[in-house]
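Below: one structure, written as structure tokens.
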Amino acid sequence: MTLELKHLDDIDSVAHRLLAAGREQPVWLFEGDMGAGKTTLIKALCRALGVLTPVQSPTYSIVNEYTTHEGHSVYHFDCYRLRNEAEALDIGIEEYLASGNYCFIEWPERVVSLWPARYFQVQLTAGADDQRTIEARLVTD
């Protein structure tokens, strides 16, 4: 699926379309250059899921946990600062990924060997101004 985000005002609509396409898959990998909009899109996804608390980039904490109005957990990872996959294992990433809850992972290329066999891949590409191209697909091994 390819979506064009022409204005940031349309991001909530894009988030709902992505959730409809990837709803059955809890692990989502977000790829894109710095500034492509990964965190902004994850904030919109969390709003669509009914997250009650503010959503912030977990750049320094590596993982943030949010709770939806239904009491479900949503995990948001930023693997950019990880030096190696052992650090991801130290924070218990395997348990998070096996939880069945949504796990939104920015910079997943830092932990390639830890990816599950099935995941929803979201690739963001920045265009002019606020325009973004979002390519999403279910990946199964």
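Hey, residue 78 hits all of (1) touching a strand residue (DSSP E or B) at 6+ places or on another chain (Cβ under 6 Å); (2) farther than 17 Å from residue 33 by Cβ but one; which does it fall short on?
Unmet for residue 78, out of (1) touching a strand residue (DSSP E or B) at 6+ places or on another chain (Cβ under 6 Å); (2) farther than 17 Å from residue 33 by Cβ: (2).
At least 2 residues that are farther than 20 Å from residue 11 by Cα, open to solvent by less than 50 Å² (accessible area, probe 1.4 Å) and free of Cβ contacts under 8 Å to residues at least 24 places away in the same chain in each: list the strands (runs of 3 or more DSSP E) lying fully within the stretch 33-140 that qualify.
Fully inside the stretch 33-140 and qualifying: nothing.
The values are calculated or read from the model by the stated rules, or taken from the named source; none is laboratory data. Quick caveat, the model's predicted, so the values are computed rather than measured. Cβ sites come from the backbone with ideal geometry, for glycine too, and all protein chains shown count toward neighbours. With ligands, DNA and RNA removed, areas are computed over all heavy atoms of the protein, side chains included. Shrake-Rupley method; radii C 1.70, N 1.55, O 1.52, S 1.80 Å.
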